[in-house]
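Working notes, structure below.
Throughout, read-outs are computed from the coordinates displayed, never taken from laboratory work. No experiment lies behind these values; they were computed from the predicted model shown. Virtual Cβ from ideal backbone geometry, glycine too; neighbours counted across all protein chains shown.
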Amino acid sequence: MEVILKIKETKKIIDEWKKQGLSIGLVPTMGCLHQGHLSLIEKAKNECDKVIVSIFVNPLQFGPNEDFSRYPRSLEKDLECCRNFGADLIFIPSLKELLPDENLVYVEVDLLGDNLCGSSRPGHFKGVCTIVAKLFNILTPDKAFFGEKDAQQLAIITRMVKDLNFNLEIIPCPIIREADGLAMSSRNVYLKKDERLAATIISKSLQEARKLLENGERDSLKIKSFLRESIKTKQIADIDYIEIVDLATLQFLDIIDRPVLIAVAVYFSKTRLIDNITYKEV
Ligand code: PAF
């Protein structure tokens, strides 16, 4: 496994792979890898000849009062995981290598980035798309693998690839959960013991909401109220948003008459967790 810090050197290896006709899968990450990331690497291994994992904590996607400086970093462990899972190249650019100057040009996101995480994290998706576009241009993957936990990110990047004619396929990968249902996230390491226990209310509530849908409930307001009440049974849970949106356009829906994404963001102290379910049987 190659561990490379420089763009030029990485491109040389990729050129060589391309000359040999090998397909390339990319798993873009911010490090602190968990089972969720490893499932992306595994899928990439199954679908591509070579797998690149990028590790870069992207300052462009953090707001001024967010956790950029304390975002968990565990490089040695990450490299060991990547090695164990058979990744071929780890691209770890420094800040100076990937963002040498202040950007004057960004990838701007319209409409799809306005609600859900976009409204509580202004500029977040502009930062994500700008860095992901750079990674796509540098690493030229045939396929890139993204987790469904970040459902809005996945929808926006899929649309960016279509709208800006990137020559690659985006592969969605299912949410990986702890045994008690908590969606895996690098930020779970921030949770104190009582917060970690209480955080399971998110996935439990979403599963209960699914049952309401299965039993025929189609009123968004009723399902959102149910979710609100259920999550609030844990006093330390501080709800950021609970939304039901059209799965394709991410626009709000009053009546559930098409496939939907039910997405929530909940704070436990300063730790903001997101989770979601989709429901397509309408
Ligand atoms: O999902 C993430 O870890 C990040 O948003 C990504 C896609 C690596 C871009 O920085």
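FRET efficiency for the R73 to K204 pair, using the beta carbon distance and R₀ = 22 Å, is estimated at 0.10. Cα centroids of the stretch 159-237 and the stretch 44-96: 23 Å apart. Across the chain, C-alpha contacts under 8 Å between residues 6 or more apart give a mean separation that, scaled by the residue count, equals a relative contact order of 17 percent.
If R0 equals 30 Å, the separation of the Cβ atoms of K232 and Q35 corresponds to a calculated FRET efficiency of about 0.55. Given their separation in residues at 0.36 nm each and the Cα-Cα distance between them, K193 and S120 gain 23.7 nm when the chain is fully extended. Residues whose amide H falls under 5 Å from that of S185, counting only those 5 or more places apart or on a different chain, are absent, with hydrogens built in the peptide plane. Each of K18, K12, K134 was scored by other Cβ atoms within 10 Å of its Cβ. Listed from fewest to most, they are K12, K18, K134. Spacing of the modelled spin labels on A179 and E80, each 7 Å from Cα toward Cβ, amounts to 2.1 nm. Working ranking of peptides 189-199, 66-76 by packing, defined as the average number of other Cβ atoms within 10 Å per residue, highest first, is 189-199, 66-76. For the stretch 27-34, backbone phi angles converted through the Karplus equation (6.51, -1.76, 1.60; θ = phi - 60°) give residue-by-residue couplings of 10, x, 9, 10, x, 6, 5, 10 Hz, Gly and Pro being listed as x. The slack between L247 and S23, meaning 0.36 nm per residue of separation minus the straight C-alpha distance, is 77.6 nm.
The modelled label-to-label distance for the pair E9/E97, using points 7 Å beyond Cα in the direction of Cβ, is 0.7 nm.
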